[in-house]
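We did not get these values from a lab; they are worked out from the coordinates using the rules stated. Computed from a prediction, not measured in an experiment: that's the story for all the values here. Because the Cβ atoms are built from the backbone with ideal geometry, glycine has one as well, and the counts that use them run over all protein chains shown.
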Amino acid sequence: MTHYCDIAPGHPLHGPYHDTEYGFPVADESALFERLVLEINQAGLNWELILRKRDNFRTAYSDFDVERVGAYGDTDRQRLLADAGIVRNRLKVEAVIHNARVIRAMRESHGGFAAWLRAHHPRDKAAWVSVFRRTFRFTGGEITGEFLASIGYLRSPHRPDCPVQARIEAMKPPWMDAVA
């Protein structure tokens, strides 16, 4: 089986994501929300398509500003569903708006999305999936697992001999403290 660490380096889209983002710890709310939005939209599609459309998602979803996206109404929903630059799936659009509202509420309950993640850490993948399904929309096992691996909460997705792996481990991502 081909591994992402084999195909990504040198690729114009996958390379930069692999080398500087995938598996690295993330705490910034907009960056966390962006990853969640991208993972939700990737469901049923390929990651390269999502990376190709990433700037379009950023524009369509107000630079992944949780406050602004959480305030979206019917006009914004229609705008998103008509935007050929993103994935025009009603369930995904609704999930993104709903999830922005959930993250906004996390500011009151936990101090923000990053603090909410820390409060639920450590967990194994099955426990994380259960929490995400109770909290967010459109976050099944694959989406939740990829999201958490991409931000450093589940074991690094890189091969042990990948040069990026050592850089990630030096940052002491949450998965290094996690349960099996």
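Here are some notes:
- Excluding same-chain neighbours fewer than eight residues apart, the lysines reachable from Lys92 by a Cα-Cα span under 16 Å are Lys53.
- Among Trp128, Trp47, Trp116, the ranking by other beta carbons within 10 Å of each residue's beta carbon, starting with the fewest, stands as Trp47, Trp116, Trp128.
- Counting neighbouring beta carbons within 10 Å and listing from fewest to most, the residues Leu117, Leu49 come out as Leu49, Leu117.
- Extension gain from Arg88 to Ile7, taking 0.36 nm per residue of separation minus the Cα-Cα distance: 26.4 nm
- Met171, Met1, Met106, Met176 arranged by Cβ crowding within 10 Å, fewest neighbours leading: Met1, Met171, Met176, Met106
- Sites Asn56 and Ala27 - FRET efficiency at Förster radius 25 Å, r taken between beta-carbons, to 0.05: 0.50
- Among the listed options [x] 17.5, 63; [y] 23.6, 98; [z] 16.0, 49, the one matching Rg and Dmax of the Cα atoms in Å as calculated from these coordinates is [z].
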